[in-house]
Amino acid sequence: MAGKKSEQSLKLAAVLDLNAASVLHGKLQSLRGSDITVDASAVERCGTQCVQVLVAGAKAWEADKKTFTIGPMSGAFEQTMQLIGVNFEQILSKEIAQ
Amino acid sequence: MDMNEIREIFFQECEEQLAELETGLLKLNDGDRDPETVNAVFRAVHSIKGGAGAFALDDLVAFAHVFETTLDCVRSGKLEPSQDVLKVMLKSADVLADLTNAARDGGTVDESRSRALVKELEALANGEQPAAHAAPEPVAAKPAVAAAPAPTDSSGFQPIPFSFDDFGGEEEEVLMVAPTYTVTFKPRAELFSKGNEAALLLRDLSRIGEMSIHCHTGDVPTLDRMDPEGSYLSWTISIKTEKGEEGIRSVFEFAEWDCELDIKLAEEAEADDERPMIPVPFDLSLLEDEPAIGDEPHVGMHVEPVVAAAVAAAETATGVMQAAAAASARAEKKEAPAASAAAQANAANAANAAGQTIRVDLDRVDRLINLVGELVINQAMLSQSVIENDNNGTSSINMGLEELQQLTREIQDSVMAIRAQPVKPVFQRMARTVREIADITGKSVRLITEGENTEVDKTVIDKLAEPLTHMIRNAVDHGLEMPEKRIAAGKNPEGTVRLTAKHRSGRIVIELTDDGAGINREKVRQKAIDNDLITADANLSDEEIDNLIFHAGFSTADKVSDLSGRGVGMDVVKRSIQALGGRISIQSKPGQGSTFSMSLPLTLAVLDGMVVTVAGQTLVVPLTAIVETLQPEAAAIHSFGATQRLISIRNSFCPLVDVGRILNFRAQQANPVEGVALLVESEGGGQRALMVDAIQGQRQVVIKSLEANYMHVPGIAAATILGDGRVALILDVDAVVGASRGQSLRQEMSLAS
């Protein structure tokens, strides 16, 4: 899958706080239409609102029938996802099931 | 901002909350059953508790907690807020205020009182409801799986202890020990815009017990339809904690009003369980030990790819796409700030609509007021020098100066308005005083306040509390009769004390009326004779007798009670009111009660004064003291004794006071016929004629403290700077009048001390 022409990557910023949510939202919007890998390896802090944007992104990609992948994750990112109980796996598979 | 400042803000907010609390309770007392009122009361206590918790003010938290629990019973309709219940609540509000003050200023509170109230509150909370609700504190043994007090790691996250045993056979047993609560939590967008973070709340929640969590993502719209700063996620959390519902609520302390929060015991929750509860259990240790999760796949992987592949893909893709991403990021950057700016503007607008206030340090306001004062002086000096140098008198400069004068006056008024505060907080404190005294004396009293929103300078407000408290005590202790007596007199057994504030001709008038017995003139007169204040054969008018109560060391209470009659009485009140530039008067009708009315200046920063000349010096006499001015005629002046002179005004005699002589401006008494007499009202209601050489005019002057800049000068209240740049002294009318009485003044002083 590496090198696929339509595959894009989005590297998340280190701090994903309230202010970053709009920025992230905009970025995701601009990357619509092709498969995407979100690189969360540099995330140090992640707020709920950015998670929301990512969830919405996952749904959007699902609707577009494209793959939305969360790639490498930093420890902080992973922990936040667990803490707030967001499981992209479930979200995405649920979408498929529908 | 350091901790002390935050603490200070907390206490300021406490004051507001306490006021809110009292207002609400009084409304309830008057029969208001609006749920919003109950909520407001609950919220006030709740906020105080929350803040106190942050500062580890344990006493305050403990009391607020009990109070809150009882209020919650009222809120949920389990407890009817009857008069008796509210009496306890009002007392509790008083104790809460005491505890807050003790926490701020140190000192102690009457522990037995608060303990007794805690018992009463608990009795109220428990008495009328089943034990089911009152069981937030299980005394059960420690759970088998002890909640590990996990240390905070570098990223600020708290590991959430979790044991898979909970899903195994031990589950039921563990449940027996610590109750499991089901919490549903749905934040609103405001929660985020106020800087709260749901993730942090959840983290804190994880600290109080073992929890599993399910995040509902169903409400998240698709990307193009979402507001990045909206709120779409909600959670169902299952938490096992010994802290009970209260403990869980305390986590959401500061966010509670910005989210939907529902906490249930798990058993109840299961009954209406319709949610597909798929908790995501986790433990940080699992992160390192992935296989242990087994069928729990790694978060975020889409269908078939594995982490390694994704990493590889990302790495490759990163190289290819970086340029594109950067470009699009740049493009987005332009839009994004605009969008967020718009969002912020919207938020600001919404906030504005709700009546925005800011907290400003009083020092800053004072500095501004001071500067505006200087501006006014400077403007006056400028226009004066222009007038002096202006020959034709109609130059355009004059026009400009007039506009400037108007502007400065407007600026001054606006600045003064900043300091203006409603008298409400002081009035509210009086409600408490009335309650306490009514309790001690066994009288039944109703306090009615009117015009609480009348605004007056903050300095005046601060200094008003003490004399008012004194007067209220007097009104209840001396003024109102015991219930039996009232019934015998055909009155309502419940006495009424009415406290009103209103603006009248640039001053604030505060009136305190009671419907008690009125002043017992016979008794007052006898007391005054006993205390050598008047001679036994003195012929006094009713008004003069009434005014005797303002004399030092005067108390008519038969025995010295705990409340009043400790030698400090109405004389102190009168002095404090006068120190504020105010006047106090009394009207009393036997059998119908008394009215004390105080007239105070709206501000202590400016003063309307009459500018006069005395022995070549310019003095300012406060306009409020002056009753009238007159030109004495030789025929009206009468000598009395060696040095005293009287002036006859409309067939009554009035002592003539030579201001220049009293202040030692001149050695000899001036000829009254050459000067002007200012008739002033003095202590005790009597009038004096102050003699000055000439009147220059009336002017509003900016008060400059003499004590702060120089030292106290007897007979002088303060100073000001006039338009010509010269300093003029403001006359302390009462001191001058007092000094004219010479010997008698000193005698009074020694009585008072």
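In this structure, residue B:667 qualifies as over 20 Å from residue B:730 (Cα atoms), at pLDDT 75 or above and among the small types (Gly, Ala, Ser). Checked against (1) assigned to a helix (DSSP H, G or I); (2) among the aliphatic types (A, V, I, L, M); (3) modelled with pLDDT under 80, residue B:642 passes all but condition (1).
Can you name every residue in segment B:711-730 that is modelled with pLDDT under 80 and under 23 Å from residue B:385 (Cα atoms)? Across segment B:711-730, the qualifying residues are B:723, B:724, B:725. Just a yes or no: is a residue in segment B:64-73 closer than 13 Å to residue B:100 by Cα and modelled with pLDDT of 85 or more? So far as segment B:64-73 goes, yes, one or more of its residues are closer than 13 Å to residue B:100 by Cα and modelled with pLDDT of 85 or more. Against the definition (touching a residue at least 60 places away in the same chain (Cβ under 8 Å), buried (at least 24 other Cβ atoms within 10 Å of the Cβ), among the small types (Gly, Ala, Ser) and at the interface with chain B (Cβ under 7 Å from one of its Cβ atoms)), how does residue A:22 come out, yes or no? Criteria not met by residue A:22.
Cβ-Cβ distances below 9 Å connect the following pairs, each with a first residue in segment B:615-630 that is in contact (Cβ under 8 Å) with a residue 60 or more places away in the chain, a second residue that is of a type in the set (Ser, Thr, Tyr), and a separation of six or more residues or different chains: B:619/B:613; B:620/B:720; B:624/B:599; B:625/B:682.
Taking segment B:712-727, which residues are part of a loop (DSSP other than H, G, I, E, B) and farther than 21 Å from residue B:661 by Cα?
Of everything in segment B:712-727, those that are part of a loop (DSSP other than H, G, I, E, B) and farther than 21 Å from residue B:661 by Cα turn out to be B:722, B:723, B:724, B:725, B:726.
Being more than 7 Å from chain B (Cβ to nearest Cβ) and part of a loop (DSSP other than H, G, I, E, B) is the filter here, so list the residues in segment A:45-83 that pass it. Those that are more than 7 Å from chain B (Cβ to nearest Cβ) and part of a loop (DSSP other than H, G, I, E, B): A:64, A:65, A:66, A:74.
Is it the case that segment B:470-482 has a residue that's among the small types (Gly, Ala, Ser), under 30 Å from residue B:422 (Cα atoms) and crowded, with 18+ Cβ neighbours inside 10 Å?
Yes - at least one qualifying residue is present in segment B:470-482.
With respect to the conditions (1) outside any helix (DSSP H, G or I); (2) touching a Pro at 6+ places or on another chain (Cβ under 9 Å), residue B:487 falls short on a single one, namely (1).
Does segment B:569-580 contain any residue that is part of a loop (DSSP other than H, G, I, E, B) and of a type outside the set (Gly, Ala, Ser)? The answer is yes; a qualifying residue exists.
Taking the condition of a type in the set (Ser, Thr, Tyr) and more than 22 Å from residue A:77 (Cβ to Cβ), does residue B:184 pass? It would help to see each step written out before you state the result.
On the way: of a type in the set (Ser, Thr, Tyr): yes; more than 22 Å from residue A:77 (Cβ to Cβ): yes.
When the stated conditions are applied, residue B:184 passes them.
The residues on offer are B:532, B:515, and the sole one that is over 27 Å from residue B:601 (Cα atoms), at pLDDT below 80 and either surrounded by 18 or more Cβ atoms within 10 Å (Cβ to Cβ) or not assigned by TED's automatic domain parsing to the domain that holds residue B:416 (or both) is B:532.
The rows are residues; the columns are (1) at the interface with another protein chain (Cβ under 10 Å from one of its Cβ atoms); (2) at pLDDT below 75.
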| position | (1), (2) |
| --- | --- |
| B:244 | no, no |
| B:258 | no, no |
| B:270 | no, yes |
| B:278 | yes, yes |
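Can you tell me which residues in segment B:24-65 are under 20 Å from residue B:204 (Cβ atoms), among the hydrophobic types (A, V, I, L, M, F, W, C) and either in a helix (DSSP H, G or I) or not assigned by TED's automatic domain parsing to the domain that holds residue B:103 (or both)? If the condition is that a residue be under 20 Å from residue B:204 (Cβ atoms), among the hydrophobic types (A, V, I, L, M, F, W, C) and either in a helix (DSSP H, G or I) or not assigned by TED's automatic domain parsing to the domain that holds residue B:103 (or both), then B:48, B:52, B:54, B:61, B:64 are the ones that fit.
The values are calculated or read from the model by the stated rules, or taken from the named source; none is laboratory data. Because the structure is a prediction, the values reported are computed rather than measured. Cβ sites come from the backbone with ideal geometry, for glycine too, and all protein chains shown count toward neighbours.
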